[in-house]
1. Once you place label points 7 Å from the Cα toward the Cβ at Cys86 and Lys238, how far apart are they in nm?
2. Quick one: what do you get for segment 253-344 if you divide its Cα Rg by 2.2 N^0.38 Å?
3. So if I take the centroid of the Cα atoms in segment 216-279 and the same for segment 287-344, what is the distance between those two points in Å?
4. What relative contact order, as a whole-number percentage, does segment 1-105 give when Cα pairs under 8 Å and 6 or more residues apart are counted?
5. Can you list the residues, at least 5 places off or on another chain, whose amide H is less than 5 Å from the amide H of Phe234, using H built in the peptide plane?
6. Every cysteine in the chain with no other Cys Cβ under 4.7 Å from its Cβ, please list them in numeric order.
7. Around Arg274, under 13 Å between beta carbons, what's the net of Lys plus Arg minus Asp minus Glu among the other residues?
8. Output the antiparallel fraction of DSSP beta bridges having both residues in the chain, as a percent to the nearest 5.
Amino acid sequence: TVSSAAPESSVRIPFGQLRDTLALIFERHGTSRAVAAILADNCASAERDGASSHGVFRIPGYLSTLASGWADGRAQPQVQDVAPGCIAVDARNGFAQPALAAARDLLVAKARANGIALLAIRDSHHFAALWPDVEPLAEQEGLVALALVNSMACVVPHGGTQALFGTNPIAFAAPCADGAPLVFDLATSSMAHGDVQIAAREGRLLPESCGVDARGQPTREPRAVLDGGSLLPFGGHKGSALSMMVELLAAALTGGSFSFGFDWSGHPGAQTPRTGELIIAIDPEKTAGQAFAQRCGELVQAMADAGQPRRPGQQRHHQRADSLTRGVPLAQSTWNELQRLAGG
Ligand code: NDP
Ligand code: PYC
């Protein structure tokens, strides 16, 4: 088991060392060197930012997926320039992040030229946090970015009886005059599936109204949700409608599978959903000029003045600053296991 920082005996690992160790692990377990570098940076960044449901906790799932032959860690994404404002990428059963990396420069150029551009990734596996797909577009390029990805059927549509939707996250990033971009990244389910797994491992009950058991009865028992039960959408019919939208935009619009549309039963150990991802990038200069980032700063200040104690992304950036200063916190046993997997 690879778990995040445990209170008993923990260590602080420099971010670069963690990332390099993860890259070795990926490469040793079947990805190309280029894919290993991208996945390692993504996974180490999540751990650095305290996004523990998608940090090193995910390594065993990546490795069992690769071992099962379900995802291709050496896939070469195929980028197609399909229209002035539209790029399609066939990830060819590889991971979504290398597909995004292959199309990123073109996406930025098209957003700048047209004011808006669409990146439609299909036949891709996304097993990670979504904010890394949008935050750099705001931070490094000054673009507003929205990403949607669908996952695996584990969420019952509002009022329904059967799991159909994925946990289907939406991430948004906007440049902000006060420095860090304004970012949110949230599952459209009551909880991320990863957090249910972590609760099960730690022996914690789930909050009320998050999930149902295999008979459709409300339960707070994480194992009951994981073993034949389902999660509920967040916010009742409203979250359910957003999840439905994610299925349409991330799957139907890209040519990827719906969350209920793929069959991994022939690949025991497979954990990564084989679906699609949509990214929309907008150049705010076209309609608002430099004023956009200032208006964003104004809005953030107004929220603080209205008494909101914390803005989305703030906790993550706080954890990032701490990790970059003192090292990324990990349980000693986790770090030992990662080094073993890396062959060290
Ligand atoms: P959370 O509910 O933890 O957080 C959602 C957002 O709300 C974050 O931007 C967070 O900012 C912000 N936030 C949280 N608490 C507050 C608060 N009190 N005040 C203001 N803002 C707040 O995220 P989820 O559990 O829904 O998702 C966790 C991760 O799981 C995401 O990264 C998501 O992409 C990933 N995921 C990935 C899937 C996939 O298919 N690849 C599927 C489902 C989820 P902050 O980060 O600063 O806390
Ligand atoms: O935590 O819900 C989740 C999730 C699904 C796919 C990757 N993460």
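1. It works out to 3.2 nm between the two label points.
2. That works out to 1.76 for segment 253-344.
3. Taking the Cα centre of each part, segment 216-279 and segment 287-344 sit 26 Å apart.
4. 23 percent
5. Residues meeting the amide H criterion: Ser189, Ser190.
6. Those would be Cys43, Cys86, Cys154, Cys210, since no other cysteine Cβ in the chain comes under 4.7 Å of theirs.
7. Residues close to Arg274 contribute a combined charge of -3.
8. 85 percent
The values are calculated or read from the model by the stated rules, or taken from the named source; none is laboratory data. The model shown is predicted, which means the values in this text are computed figures rather than measured ones. Neighbour counts are summed over all protein chains in view; Cβ atoms, including those assigned to glycine, are modelled from backbone coordinates with ideal geometry. Ligands, DNA and RNA are stripped out before the accessible areas are found, and what is left, the full protein with its side chains, is counted by its heavy atoms. Shrake-Rupley method; radii C 1.70, N 1.55, O 1.52, S 1.80 Å.
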